[in-house]
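The values are calculated or read from the model by the stated rules, or taken from the named source; none is laboratory data. Treat the numbers as computed from the prediction; the structure is a model and nothing was measured. Cβ: placed from backbone, ideal geometry, glycine included. Neighbour counts: every protein chain shown.
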Ligand SMILES: NC(=O)c1ccc[n+]([C@@H]2O[C@H](COP(=O)([O-])OP(=O)(O)OC[C@H]3O[C@@H](n4cnc5c(N)ncnc54)[C@H](OP(=O)(O)O)[C@@H]3O)[C@@H](O)[C@H]2O)c1
């Protein structure tokens, strides 16, 4: 099978098109013929090893053990081509989407996944390209919104709302009845308004923490909000969700004042089957949709990474396979 391998860390030139053996499913696995994947900021960070120093060794070891073929790609959509002997939930021909976790491997023509991992049937109103964007954006976005305990009427601010996770989080929070303020660069604000943002802020022109406005919850997807000044922008009882937590902020979050019931929580998202099923319901009800900026074929992976590295991506960048 064709795959893009990342044998070293560095510029987009480390990505190579390779021919690898087609995988065979174990008894508990399904073999998926991949039709679409994405390049996320997470893929770009892994290629560049752009992660906090204490996690670098852990990531290198995990990748070596769990992803020996060195294939990136955190999410996929495709069709089940074969099932292992003990698989009961899926059958050949099912159209599915799934995250690949730290084992990665979606930038290839095939991937085996255990059937007990979160795997969803593609919503009736989505194609492969759209469905490939659900796992990273949808599952992380939903997890952050749930941990922010959003309820109808809450005022929520999302920092870094214009990417994969933020475009889903915005729509999910709107579907729950929140009033949503989205912060991102100016080029992304029109798109954010088009998917339901009530207010938008260009972070290069204005710092929301200086406005005097307060919010019931703040979700920081990019990790640019420091705890001390962000807590001042929370209402009494407010929740600050750190979606891209650095170690110093995580530690401060544990000790931060609980005065007025405010809390700061560093989140490493969990991927749960119940969340996959809930996202399918929201999509089929027409409450949320995929935001796709560009589509590249597998063979143009270097250009795709370059575009993600540039920070210009609005919503998602899809890889067609
Ligand atoms: N906690 C977890 O479990 C978890 C899970 C998955 C991913 N992540 C991490 O979450 C991060 C974001 O993921 P993503 O896929 O949504 O990334 P993305 O698609 O690149 O979106 C991030 C958005 O933030 C904007 N941005 C950059 N700097 C900003 C700032 N200072 N203030 C406000 N907005 C800013 C970017 O726009 P401009 O470039 O135009 O500024 C971009 O639109 C990644 O670093 C990823 O590793 C965390």
message: Conditions first: (1) buried (at least 22 other Cβ atoms within 10 Å of the Cβ); (2) assigned by TED's automatic domain parsing to the domain that holds residue 32; (3) under 15 Å from the mean Cα position of the chain (by Cα); (4) modelled with pLDDT of 95 or more. Residue 118 passes all but one, so which condition is the exception?
response: (1)
- prompt: So, in the range 138-151, of the ones that are farther than 29 Å from residue 88 by Cβ and in contact (Cβ under 8 Å) with a residue 40 or more places away in the chain, which residue ends up nearest to the ligand (Cβ to nearest atom)?
  reply: 144
message: For the range 231-243, give me each residue that is within 15 Å of residue 147 (Cα to Cα) and touching a residue at least 60 places away in the same chain (Cβ under 8 Å).
response: 239, 241, 243
statement: Reported set for the range 32-71 where residues are within 15 Å of the ligand (Cβ to nearest atom) and at pLDDT below 80 is 51, 52, 55, 56, 58, 59, 62, 63
task: Please tell me if residue 268 is free of Cβ contacts under 8 Å to residues at least 40 places away in the same chain, surrounded by fewer than 18 Cβ atoms within 10 Å (Cβ to Cβ) and either within 16 Å of the ligand (Cβ to nearest atom) or under 22 Å from residue 174 (Cα atoms) (or both).
output: yes
task: Scan the range 90-116 residue by residue and report those that are assigned to a loop (DSSP other than H, G, I, E, B) and under 25 Å from residue 69 (Cα atoms).
output: 100, 104, 105, 106, 107, 109, 115, 116
- request: Considering only the range 152-182, state which residues are within 15 Å of the ligand (Cβ to nearest atom), in contact with a strand residue (DSSP E or B) (Cβ under 8 Å, 6 or more places away or on another chain) and assigned to a helix (DSSP H, G or I).
  value: 164, 166, 167, 169, 170, 173
query: Only one residue in 192, 282 is within 16 Å of the ligand (Cβ to nearest atom) and either at pLDDT 95 or above or surrounded by fewer than 19 Cβ atoms within 10 Å (Cβ to Cβ) (or both). Which one?
result: 192
- line: Expected output for the range 41-61 (first residue more than 20 Å from residue 316 (Cβ to Cβ), partner assigned to a helix (DSSP H, G or I) and at pLDDT below 90, Cβ below 8 Å, 6+ apart or cross-chain) is 49/56; 49/59; 49/60; 51/59; 52/247; 54/247
statement: residue 168 meets each of (1) crowded, with 17+ Cβ neighbours inside 10 Å; (2) farther than 12 Å from residue 315 by Cα; (3) in contact with a helix residue (DSSP H, G or I) (Cβ under 7 Å, 6 or more places away or on another chain) with one exception, condition (2)
- line: Exactly one of 64, 82 is farther than 21 Å from residue 246 by Cα and within 24 Å of the chain's Cα centre (by Cα), and that residue is 64
message: So if I check each of 220, 270, 277, 216, which one is under 20 Å from residue 42 (Cβ atoms) and at pLDDT 95 or above?
response: 220
- request: Being out of contact with any strand residue (DSSP E or B) (no Cβ under 9 Å at 6 or more places or on another chain) and assigned to a loop (DSSP other than H, G, I, E, B) is the filter; apply it to the range 213-245 and report the residue that is surrounded by the fewest Cβ atoms within 10 Å (Cβ to Cβ).
  value: 232
query: In this structure, is residue 87 touching a strand residue (DSSP E or B) at 6+ places or on another chain (Cβ under 9 Å), away from the ligand (no atom under 16 Å from the Cβ) and part of a loop (DSSP other than H, G, I, E, B)?
result: yes
message: Can you pull out every residue in the range 296-316 that is within 16 Å of the ligand (Cβ to nearest atom), out of contact with any helix residue (DSSP H, G or I) (no Cβ under 6 Å at 6 or more places or on another chain) and not in a loop (DSSP other than H, G, I, E, B)?
response: 304, 307
